[in-house]
Each structure stands twice: as C-alpha cells, then as structure tokens.
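Everything on this sheet refers to the single structure shown next.
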Amino acid sequence: MRVGIVSPYSFDVPGGVQLHVRDLAEWLLGHGHEVNVLAPADEDTPLPGYVTGAGRAVPVPYNGSVARLLFGPLTGARVARWVEHGRFDLVHVHEPVSPSLSMLAMWAVEGPLVATFHTSGTRSRALLASRPALQPGLEKISGRIAVSDEARRFVREHIGGDAVVIPNGVYADRFAAAAPRPEWQGNPEAPTLGFLGRIEEPRKGLPVLLDAIPALLQRFPRLRVLVAGPGDPQVALAGRSPAVREACVFLGRVSDEDKARLLRSVDAYVAPNTGGESFGIILVEAMSACAPVVASDLHAFRAVLDDGWAGALFVNEDSRDLAAVLTDLLLAPADRADLARRGAERARRFDWDKVAGEIVNVYETVLEASPLRAGVPVDARPTRWWRGGN
Amino acid sequence: MGVWTWVSIAVAVAAVIAWYLSYTAARLDRLHARVEGSVSALDAQLVRRAETGLELANSGLLDPASSMLLTEACAASLDESDVTEVRSEVQRHGVDRRRARIESELSETLRAVLVPEVVVELADTAQGTEVLRRVQQTAQRVQLAHRFHNDAVHDVQRVRTKPLVRIFRLAGHTLLPEVVDFDDNGPDLTGV
C-alpha cells in the first residue's frame with residue numbers, strides 16, 4: 001500500500017519519535033510498501049530518498065524544554081500539497097497533539113488516517129484551551145495507536161475514546177550483533193557503567209547517577225562511567241569532587257554503531273531518568289545488546305522491564321538505592337548474566353518484525369473501515385470547500 | 001447608532017451562525033460516514049475470525065471435544081452474521097446485544113481451547129503454526145476494529161450532544177450509534 005508518514009520533529013535532532021518514524025518507514029519499504037515521510041528539515045540537510053523536507057523547524061519553548069517545531073500558514077499549505085500530491089492510501093501521523101506538522105497534516109487529510117501517540121506529558125491546560133481547534137482534526141483519525149499504557153491513559157483522559165497499544169520497535173539483531181569495544185569493557189576490579197542521553201537535561205537523570213558514584217567508588221575504586229550524549233561535560237560536572245570527575249568518561253554524541261557497541265561493552269546500563277518518559281526505547285536497545293539494565297522505577301520503565309523481571313529497578317531519584325542496586329549487581333556476575341539473558345528475551349517482544357506487523361494490521365483494519373471503500377461514492381459527498389475547508 | 005448599523009450587525013451574526021451550522025453539519029456527516037465504515041469493518045473482521053476458527057476446528061489438529069466446542073461457537077457467530085446481513089441493518093444499528101453476546105462467547109471459547117499446552121503442540125507442525133498465525137491475526141483485527149468503531153461512535157455522540165446540533169436537528173434521521181460491548185480478548189499466542 002501507499003503510506004504517507006508525518007513526523008513532527010526533524011531528523012537531524014536525535015529523539016524517540018524520529019527514530020520510530022525512520023525505522024517504521026524503512027521496515028515498510030523493505031516489505032514492499034510505498035512510503036513517503038514528511039518531516040521538518042533544513043534546506044541543506046541530506047535526506048534519505050523517502051523523506052520530503054517540509055522546511056526549517058524553529059526552536060520554541062514547548063512542554064518544559066525547547067523543541068524544534070514547524071508550523072504556520074506557509075507550512076500548512078505545503079503539508080496540504082504533500083497530502084494531495086502523495087495520493088496515499090493512508091496517512092499515518094505521529095504525535096498528533098504536538099503543535100507541528102502532524103497537526104497540520106490532520107487538518108489537510110481527507111482519507112484514512114492513523115495516529116500514534118508517543119508522549120504522555122503534553123500539558124493538559126494547553127490541550128484543553130485549544131480543544132475546539134483540535135477536535136475536528138482529531139475526529140478524522142480512524143485508528144489510534146499509543147506506544148505504551150501511559151500514552152494510552154493520556155489518550156483516554158485528555159482526548160477521549162481509546163487507543164490500541166503497540167510499543168516502539170527496535171531492530172534487535174543490529175544491537176545483538178554489534179562488536180564490543182575493548183576500551184569500553186570492564187573487568188571485576190574496574191567495571192564500566194553506561195549512560196546515554198542529553199547530559200544537561202535534568203530529567204534524563206545524570207545528576208542522580210553522579211550522586212551515586214562516591215558510594216560506588218568506595219567498593220570499586222577503578223569504576224568508570226561512560227556517558228554518551230550531546231552537552232557540555234563541564235556544566236554537568238560543576239561542583240563534583242575530583243574522584244567523580246575522574247571516573248566519568250564523556251564520549252559526546254555517538255553514532256548509531258557506537259551506541260550499539262557501547263551497550264554491548266558495558267557491565268550495566270543505567271537509566272536514571274526522573275520523569276517525562278512514555279516508553280524508554282533505549283532500555284529495549286540495551287536489552288537487545290545483552291546489557292544488564294538498571295532503571296528508575298517509572299511507570300513506563302516498569303512496563304518495559306516487565307516489573308523488574310528483565311531489568312533491575314531502583315527508587316526514582318534515590319541515588320543511594322541506585323548505588324546499592326548497582327553494587328549488588330556488579331558483585332554478582334551470575335546474576336548479571338541472568339538479567340542480561342532475560343532482558344534479551346524480553347527485547348524480542350519489541351522487534352520490528354512483530355511491532356510493524358501489528359501496525360500493518362491497524363492499517364488494513366482502518367482501510368477496510370474507510371467510507372470510500374464501504375460503498376459511499378466519493379461524488380455523493382460534499383466538496384472540501386463546502387465542508388468547512390478542513 | 002443608526003438602523004443600518006443594527007441591520008448589518010444582525011446580518012453578520014446570522015451569517016456566522018449559518019456558517020457554523022453548515023460547518024458542523026458537514027463535520028457530522030463525515031463522522032457518520034466514519035461510523036458506517038467502522039461498523040462494516042467490524043462486521044467483516046468478526047466473520048473472518050469465525051471462519052478461521054472453523055478452519056482450526058476442522059483441521060483435525062484438535063481433540064474432538066475442543067473441535068466441537070469451537071465449531072459450535074464459530075457456527076453461531078456465522079449464523080448470526082448471516083441473519084444480520086439479511087436484515088441489512090449492520091450499517092444502521094451496528095452490532096446488537098445478541099450478536100455481542102455470541103462474539104464474547106467465541107472469544108471465550110477460543111481462549112478455553114487454545115491453552116498454552118495446546119498452542120505449544122500445534123506450533124510443532126507447519127500446518128498448525130500457519131493456522132495459529134491466522135487465528136492470532138484475525139483475533140487481533142477484531143480487537144482493533146472493535147476499538148476503532150467505539151472511538152468513532154464516541155466522537156459522533158460527543159458532537160451530537162451539542163445544544164445547537166440538537167436544536168437544529170443537524171443529524172437528521174440518522175440513528176444515534178451506540179458503542180458495542182463484547183469481550184474481544186484473543187487467546188494468548190505470544191509464544192508462536
């Protein structure tokens with residue numbers, strides 16, 4: 001089938017939604033479907049052949065951080081053109097309530113429409129206030145997907161109705177097949193821990209991990225914490241003791257390949273996020289790479305880790321508990337191996353072959369329910385202009 | 001203010017109301033079309049699930065008692081879908097209580113027949129794996145179609161409770177659709 005996918009965020013910034021869109025598009029292309037992705041992009045950014053750039057995203061404060069979004073009447077017209085020229089069997093928008101491309105696409109689409117809700121964190125006040133403007137667009141969605149139970153609860157409470165849960169996907173084999181890098185591997189005396197994420201963003205939880213390091217250093221003086229992600233290390237380390245500074249190795253932003261190799265190398269992967277996570281794809285990536293996972297006990301993480309079966313949990317924002325959990329784990333290689341094995345098993349649930357298959361099921365169900373196929377002739381329906389221009 | 005000012009204000013207000021009404025009528029029309037589509041999709045998925053169930057029952061892979069239970073439940077579902085079609089009311093009334101009960105029973109029967117031990121055994125043969133795959137897919141699609149239909153109904157109901165929509169009878173003679181309530185949980189086939 002011919003599918004148009006809309007990403008509200010640009011591909012040059014790393015993020016869960018963009019990755020999901022890219023992977024899904026590539027899976028669909030690899031399975032004989034025609035796909036075009038509409039995403040914000042600077043004019044000079046090299047894009048994969050299946051992506052149409054919709055213009056340059058502007059940084060605006062949104063939802064507690066600065067997001068790069070794309071909106072306005074010019075963009076609206078461009079989106080409408082893309083929808084019209086694409087002649088898609090179905091359009092799939094991501095994050096429909098973020099004020100960016102997806103919202104504009106919902107406005108323009110007339111045919112079958114599927115939407116995936118990723119976050120659970122959109123401020124409900126803004127949503128309530130803009131409700132009358134959003135509602136007609138939201139009513140066009142015939143199939144709603146939520147990536148987690150959290151996201152589904154958001155849909156039920158703030159949008160109304162329901163959504164089916166289909167998790168984010170991971171190409172599990174790519175992580176499992178990555179080669180460890182010796183300089184990132186630890187040994188019983190000098191274990192290594194991994195952290196991935198923007199280091200200046202407090203809700204990614206790096207400070208919680210840094211607070212736990214002094215206690216860990218008492219037991220493992222040669223411990224190293226490998227921190228991968230954009231941001232200024234000096235800012236993150238401000239006010240920390242020399243011992244902690246020495247234990248931290250900052251790798252900066254890493255390539256996809258190095259990310260997989262990092263996860264393959266470390267003795268444990270730590271996800272100390274303090275909130276705002278709806279899914280936690282990185283946990284699945286770590287599990288696919290057979291890294292034992294230690295994560296804060298957020299709802300989303302609990303769900304991915306099957307309530308602690310596939311990864312160790314610690315009390316959110318409690319660095320003492322984190323240190324205790326990590327110490328136990330680092331002292332017991334057998335437990336660590338067990339955890340890694342269970343993690344790898346759990347990660348299979350999130351493999352793209354399974355996840356994308358479920359998404360295609362949604363597509364086909366929605367196509368079958370489309371009024372155009374259900375015997376309502378197109379000509380008998382009022383024209384676009386007549387129907388209020390949306 | 002002169003008479004003409006008042007007249008033009010009145011005209012402007014009337015125009016805005018008229019636009020709003022026609023806009024809402026069009027929106028409602030689209031929503032009704034969506035419900036019609038979603039209910040016929042649900043109908044089709046239910047039929048497909050029952051057919052697949054029947055195929056499993058007749059495959060000779062199950063014990064005779066399981067076969068009989070499953071045949072019974074699937075046949076009941078198919079009979080009911082035929083009746084509904086004859087009455088050609090699927091699109092107008094959706095899935096009625098009687099049919100919802102029959103479909104709940106089929107879901108229950110599928111779960112009772114396809115317990116983990118049986119699934120493991122079936123998954124051993126190529127034919128069994130293939131049938132299981134189809135059972136899983138049809139059960140999942142019933143769930144999707146069910147949920148999407150109820151979402152559509154929900155949206156129609158919300159717009160139709162608006163005062164202006166009721167006063168001006170924008171919905172015309174279209175019946176108010178109702179949500180369909182039945183047990184749509186499929187058997188646990190995660191191991192396949």
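What follows is calculated from the coordinates using simple rules that are stated; it is not laboratory data. Keep in mind the model is a prediction, meaning the values are calculated, not measured. Glycine also receives a Cβ, built like all others from the backbone with ideal geometry; neighbour counts cover every protein chain displayed.
A Förster radius of 51 Å, combined with the Cβ-Cβ distance separating A:H85 from A:R198, puts the computed FRET efficiency at roughly 0.90. Residue-wise HN-Hα couplings along region A:34-46, as the Karplus relation 6.51 cos²θ - 1.76 cosθ + 1.60 with θ = phi - 60° gives them from phi, are 9, 9, 10, 10, 9, 8, x, 6, 5, 4, 9, 6, x Hz; Gly and Pro carry x. Look at A:R68, A:R81 and count the other Cβ atoms within 10 Å of each Cβ; fewest to most, that gives A:R81, A:R68. If you run the Gaussian network model on chain A, springs between alpha carbon atoms under 10 Å, then out of A:A291, A:A179, A:A260 the most flexible one is A:A179. Under the criterion of Cα pairs below 8 Å and six or more residues apart, the relative contact order for chain B equals 33 percent. Over all pairs of different C-alpha atoms in chain B, the reciprocal of the mean inverse distance, the Kirkwood hydrodynamic radius, equals 19.2 Å. The label point for A:R56 and the one for A:H299, both projected 7 Å from the Cα toward the Cβ, are 3.9 nm apart.
Once backbone amide H atoms are built at 1.01 Å from N, A:G186 has A:T192, A:D267 as its partners under 5 Å, excluding neighbours fewer than 5 places away on the same chain. For chain A, relative contact order (Cα pairs under 8 Å, six or more residues apart, normalised by length) works out to 14 percent. For the pair B:E105 and A:T45, label points projected 7 Å from Cα toward Cβ lie 5.7 nm apart. Applying 1/(1 + (r/R0)^6) with R0 = 41 Å to the Cβ-Cβ distance of B:H154 and A:R174, what FRET efficiency is obtained, to the nearest 0.05? Efficiency, rounded to the nearest 0.05: 0.55. Here the 3J(HN,Hα) profile of region A:234-245, calculated from phi with Karplus coefficients 6.51, -1.76 and 1.60 at θ = phi - 60°, is 4, 5, 5, 8, 3, x, 8, 6, x, 4, 5, 4 Hz, Gly and Pro shown as x. For a quick check, take a GNM of chain B with Cα springs below 10 Å and name the residue from B:L62, B:L110, B:L21 with the largest mean-square fluctuation. Looking only at B:L62, B:L110, B:L21, the largest GNM fluctuation is found for B:L21. For A:L329, the shell of other residues with beta-carbons less than 12 Å away shows a net charge of -2, using +1 for Lys and Arg and -1 for Asp and Glu.
Of the beta bridges in the protein assembly as shown, as assigned by DSSP with both residues counted there, near 10 percent are antiparallel. Classify region A:172-349 as rounded, prolate or oblate from the Cα gyration tensor: take a ≥ b ≥ c as the square roots of its eigenvalues, call it rounded if a/c is under 1.5, otherwise prolate when a/b beats b/c and oblate if not. Taking the square roots of the gyration eigenvalues as a ≥ b ≥ c, region A:172-349 is rounded. Could you tell me whether region A:185-232 comes out rounded, prolate or oblate from its Cα gyration tensor? Rule is a ≥ b ≥ c as square roots of the eigenvalues, rounded for a/c under 1.5, then prolate if a/b exceeds b/c, otherwise oblate. Cα axes put region A:185-232 in the oblate bin. Of all lysines in the structure, those lying under 18 Å Cα to Cα from A:K204, and not within fewer than 8 positions of it along the same chain, are A:K259. Relative intensity of region A:1-159 on a log10 scale, I(q)/I(0) at q = 0.10, 0.11, 0.16, 0.17 Å⁻¹, equals -0.32, -0.39, -0.87, -1.00, per a Debye sum over C-alpha point scatterers of equal strength in the absence of solvent.
Peptide A:154-160 has a mean shielding of 1, counted as Cβ atoms of other protein chains within 10 Å of each residue's Cβ.
A protection proxy built from the mean count of other Cβ atoms within 10 Å ranks the segments A:5-16, B:7-18, most packed first, as A:5-16, B:7-18.
GNM remark for chain B: springs join alpha carbons under 10 Å apart, and the peak mean-square fluctuation among B:E178, B:E72, B:E117 falls on B:E117. Highest mean packing comes first when the peptides B:51-60, A:103-112 are listed by Cβ atoms within 10 Å, giving A:103-112, B:51-60. Look at the stretch A:127-138: the mean tally of other chain Cβ atoms within 10 Å of its residues' Cβ atoms is 1. Close amide H contacts of A:T52 (hydrogens built in the peptide plane, cut-off under 5 Å, sequence separation of 5 or more or a different chain): A:V37, A:L38, A:A39. In sequence order, region A:163-174 has phi-based couplings of 8, 8, 8, 10, x, 5, x, 9, 7, 4, 4, 4 Hz under the Karplus curve 6.51 cos²θ - 1.76 cosθ + 1.60, θ = phi - 60°, and Gly or Pro positions carry x. Remark: A:E358, A:E345 ranked as A:E345, A:E358, counting other beta-carbon atoms within 10 Å and listing the fewest first. Between the beta carbons of B:V7 and A:R131, assuming R0 = 25 Å, the FRET efficiency works out to 0.15 to the nearest 0.05.
Please list, by residue number, everything in region B:138-175 whose backbone N is under 19 Å from a paramagnetic label point 7 Å out along Cα→Cβ of B:E51. Zone members listed by number: B:138-146. Amide hydrogen proximity for A:A67: with H placed 1.01 Å from N in the peptide plane, the residues at 5 or more positions away or on another chain lying under 5 Å are A:V60, A:Y62. Extension gain, A:V235-A:R219: 0.36 nm per intervening residue step, less the Cα-Cα distance, totals 3.1 nm. For peptide A:360-367, the mean count of partner chain Cβ atoms within 10 Å of a residue's Cβ comes to 5.
Taking Rh as the Kirkwood radius, which is the inverse of the mean 1/r over Cα pairs, what is the Rg/Rh value for region B:95-154? Over the Cα atoms of region B:95-154, Rg/Rh equals 1.08.
The shape of region A:181-272 can be summarised by an equivalent ellipsoid whose semi-axes, obtained from the alpha carbon gyration tensor, come to 18, 18, 10 Å from longest to shortest. Ellipsoid semi-axes for the protein assembly as shown, based on the Cα gyration tensor and the rule √(5λ), read 45, 35, 20 Å when sorted largest first.
Compactness of region A:277-345, taken as the C-alpha radius of gyration over 2.2 N^0.38 Å, stands at 1.01. Helix screen, chain B: DSSP H segments with Cα axial length of 27 Å or more and mean Kyte-Doolittle hydropathy at least -1.0 are B:3-57, B:64-86, B:126-160.
Fewest-first ordering of B:R98, A:R224 by other beta carbons within 10 Å of each residue's beta carbon gives B:R98, A:R224.
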